[in-house]
Each structure stands twice: as structure tokens, then as C-alpha cells.
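The structure under discussion appears below in the form of C-alpha cells.
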Amino acid sequence: MGFCSALTNIAHFLSLRFAPLRARCSCFILSILRSPGFRPSFRYYHWAISLFGSVWCIGLGLVISWGTTLAAIFLFCLLYIYIRAQGATKEWGDAVRGLRYGMARDQLLALTVKDNFHAKVRERSE
């Protein structure tokens, strides 16, 4: 009976704090990175809604049970540090690298091209 009770507490803990937060954070990150595979069907979607939902989720967790929410954040940080220290190999890109590539792409697209520029034509001083 004690084992089932512990599983129920863990399930409640995970579903309350991580499921909605994970979905909202991923929507926020994908919309900031302008991922081509992320096409929300909601007509009035904006990235700020996802950010607000993430902050709201953390705030609600703190109001409902601040101890377990802080424990969850602490465990998440420990897990992140452990995985970073182990040097786990990954076959996918991370959000920071995607953000860098997206910023570089935007800056390259923002460059203006002169109308009379040609690679083979140079002005020569005589």
C-alpha cells in the first residue's frame, strides 16, 4: 500500500508541475527560434502567450505547494548539471545553438545589396 501511495504522489507531482510547463516552454522556444516545423493552428497565437503561461505555471506551483515546486526546480538543476558533467553526446541541436543560427540568419537576410554591385566589376583608380 505504501508503494502505491508513493507512486500516486510522484504522478501528481510530475503532472502538476512538469507537463503544462514543458509544453508551454517548448512552444515559446520554438516560436522564438522560428522553427519551420512549428506551425500553431491557433489563429491568435503569440510567443508572449507561451511565456506568460510558463511563468503562470511556475507561479501556480509555488502558490499551491512552494516546497515541492522548489524541490522540483532544484532536482531539475541537479539533473542538468549531472548531464552536463557527464558530457552526454546528443544527436540533436540545442535551443541556444538554434537561437544563434537564427540570429545569424536574420542578420544575413537584413543585409542590403547595392543595385549596381557585381562581383567581377571593380572600380579602379587611375
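The values are calculated or read from the model by the stated rules, or taken from the named source; none is laboratory data. In this text, all values refer to a predicted model and were calculated from it rather than measured experimentally. Please note: Cβ atoms are built from the backbone with ideal geometry, for glycine as well, and neighbour counts cover all protein chains shown.
Within region 48-72, residues that are without any contact (Cβ under 8 Å) to a residue 24 or more places away in the chain sit with their Cβ atoms under 9 Å from residues that are hydroxyl-bearing (Ser, Thr, Tyr) and surrounded by 13 or more Cβ atoms within 10 Å (Cβ to Cβ), at 6+ positions apart or across chains, in these pairs: 60/69; 62/69; 63/69. If the condition is being hydrophobic (A, V, I, L, M, F, W, C) and at pLDDT below 75, then region 83-126 contributes 88, 92, 95, 96, 113, 117, 119, 121.
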